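The block underneath contains the structure these notes are about, expressed in structure tokens.
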Amino acid sequence: MQNAEFNDPRLAQLYDMLGPWGPSDQFFLDLANESPHSCILDLGCGTGQITLALAEAGHSVTGIDPATASLDVARAKPRAEQITWIEGTSAHAPAKTFSLALMTNHVAQFITNDAEWGALLADLHRALVPGGRLVFDSRDPAARGWEKWNPSDSREQARLPDGRGLMAWTEVTEVVGELVTFVQHYVFAATATEDERELLSRLTLRFRPERNLRSSLEAAGFEIEVIYGGWQREDVGRGDGEFIVMARARK
């Protein structure tokens, strides 16, 4: 199933367990907290891990995501009523509302089409107040991070809340230009029923080079402040294989 890890309720329940709070989450939270009591858009909020942390820090937060299963998980969490949840896309963001828009966990890479990427940036520019900030992450293709997405290097084990074991790994199936397609495997312990024994999620990400990110942002009306290469604000090529992009909506 395409993007099943977000759309299949059985896998959406596992998302936070397999992706616990880490340096990237802390980076975005610390960044937001530089401006207390901000009005923040979390686009591609998923299960709401960062969204809720932002709200608990005192910000007014709107989370938007197209995946019903992920939003169901988010809405069921404690204090979820503090968030305005919207099932939809960037087109559903209210205009001239937010001082900060975030796309975390490499959400930007799921938009693989140039026209859709341009439309998303235009929507975010419209949603921000003049001078508002857009911050997001996208993996640096020069780091070739997908080469570690194989059954050996990516394999992990976990214990589910019901006591069952889970084995998960990633397997790249195709690399064409800037597009990397891969399958996430989730194998449950033998106590599961046969049709639940293995679930698959097929995803495609786009690894845009820095020049592409810069030109598309400038075309959408953004002025780039800085692009970091890692979560400690290292230069590009000297950090974690990331592009951490900070830009402002031109007035």
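Structural remarks
- DSSP-assigned coil residues among GluC sites (Glu not before Pro) in the range 134-207, each with at most 14 further Cβ atoms within 10 Å: 178
- Between residue 95 and residue 10, full extension at 0.36 nm per residue minus the direct alpha carbon distance yields a gain of 27.2 nm.
- For residue 248, the solvent-accessible surface with a 1.4 Å probe is about 90 Å², rounded to the nearest 10.
- Ignoring lysines fewer than eight residues from residue 251 along the same chain, the ones with Cα atoms less than 29 angstrom from its Cα are 96.
- Counting only Cβ charges, +1 for Lys and Arg and -1 for Asp and Glu, the dipole size of the chain around its Cα centre is about 540 debye.
- The Rg/Rh ratio of the range 143-251, with Rg taken over Cα atoms and Rh as the Kirkwood radius over Cα pairs, comes to 1.13.
- Cα-based shape type of the range 1-153, given that a ≥ b ≥ c are square roots of the gyration tensor eigenvalues and the cut on a/c is 1.5: rounded
- Projecting the Cα positions of 120, 188, 149 onto the charge dipole of the chain (unit charges on Cβ atoms of Lys, Arg, Asp and Glu, taken about the Cα centre) puts 120 furthest along the positive direction.
- Working from label points 7 Å from Cα in the Cα-to-Cβ sense, the residue 122 to residue 148 distance is 3.8 nm.
- Listed residues 97, 176, 61: farthest to the positive end of the dipole of the chain (Cβ charges): 97
- Expressed to the nearest 5 percent, the antiparallel share of DSSP beta bridges inside the chain is 65 percent.
- Prolate/oblate/rounded label for the range 65-191 (Cα gyration tensor, a/c 1.5): oblate
- Estimated from the Cβ-Cβ distance and a Förster radius of 22 angstrom, the FRET efficiency linking residue 173 and residue 72 is about 0.15.
- Gain on full extension, evaluated as 0.36 nm per residue between residue 183 and residue 113 minus their Cα-Cα distance, stands at 23.2 nm.
- Between residue 37 and residue 226, full extension at 0.36 nm per residue minus the direct alpha carbon distance yields a gain of 65.7 nm.
- In the chain, helical runs assigned H by DSSP with n ≥ 4 each contribute -39500 (n - 2.57); averaged across all residues and rounded to the nearest 500, the mean residue ellipticity at 222 nm is -6500 deg cm²/dmol.
The values are calculated or read from the model by the stated rules, or taken from the named source; none is laboratory data. Note that the coordinates shown come from a computational prediction; the quantities given were computed from them, not determined experimentally. A quick note on method: Cβ atoms are made from the backbone with ideal geometry, for glycine too, and the neighbour counts reach across all protein chains shown. Accessible surface is based on the protein model in full, side chains and every heavy atom, while ligands, DNA and RNA are left aside. Shrake-Rupley method; radii C 1.70, N 1.55, O 1.52, S 1.80 Å.
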